[in-house]
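This report refers to the structure that appears directly beneath it.
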Amino acid sequence: MGTTVNLRRRTANAGFSLVEVVVAMLLVGIAFLAAFSAITFSRVQMFRDKELGVVTGFSLHYLELVKAMRFSDLAGGAPLNRLYDGGSNSAANIRIPSNANWFSLNDTNYLVFDPEMAWLQPRNPEMKVVLTTTKVAGVDHTKHVLVQVRWDSPLGRGQKQTARMDMVRVKDL
């Protein structure tokens, strides 16, 4: 005669024990924090990618104008072209720096040159342009242009973000 005996009787008002509730709360808390940190990380990464895209576009625009210059005109202090020479008919004053020091891009000239740089204004963007000339038999043969831009990281955490682009011009024959 097989009768089953219920060794553990639960009444209608039975609930979870304190240990079970604490463990469940701990697991839910860990899952919540993991999800929140993943969302924060993805937002920071999204801002970094957007800022890198803006800086890359700015640097490419700058280097394309340098590439369009005549080899003999490529020197420190020279304007990128007549549109950016700072004259009365020009839009802005954008020049190749005469030294390799960092300078701020939070300037109306650079906002006219590339309006998307407005996204980076709170990040204090800076640029450095290094122009190196190689001579062969005492005559300029190649010019290496290094454009490097740095800006503060999102949320002010971590190192400065940087982007670097190089270009080599060889004297036209």
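At residue 170 and residue 82, where each label point lies 7 Å from the Cα along Cα→Cβ, what is the point-to-point distance in nanometres?
The two pseudo-label positions are separated by 3.1 nm.
To test your reading of the geometry: what angle, between 0 and 90 degrees and rounded to tens, separates the Cα axis of helix 18-68 from the longest principal axis of the chain?
Approximately 10 degrees, to the nearest ten.
Grab the chain and count how many Lys pairs have their alpha-carbon atoms under 21 Å apart, sequence gap of 8 or more, or different chains.
Value for the chain: 11.
Under a Cβ-only charge scheme (Lys and Arg +1, Asp and Glu -1), can you give me the dipole magnitude of the stretch 20-170 about the Cα centre, in debye to the nearest 20? Write out the running numbers ahead of the final one.
Details: 16 positive and 13 negative charges, 75 e Å.
The dipole of the stretch 20-170 has a size of about 360 debye.
What is the dipole size for the stretch 107-173, taken about its Cα centre, with +1 at each Lys and Arg Cβ and -1 at each Asp and Glu Cβ, in debye to the nearest 20? Show your work: numbers first, answer last.
Working: 10 positive and 8 negative charges, 61 e Å.
In debye, rounded to 20, the stretch 107-173 gives about 300.
Bear in mind these aren't lab numbers, they're just calculated from the coordinates by the rules spelled out. Small disclaimer: the values here were computed from a predicted structure and weren't measured. Note that we place each Cβ from the backbone using ideal geometry, even for glycine, and neighbour counts take in every protein chain shown.
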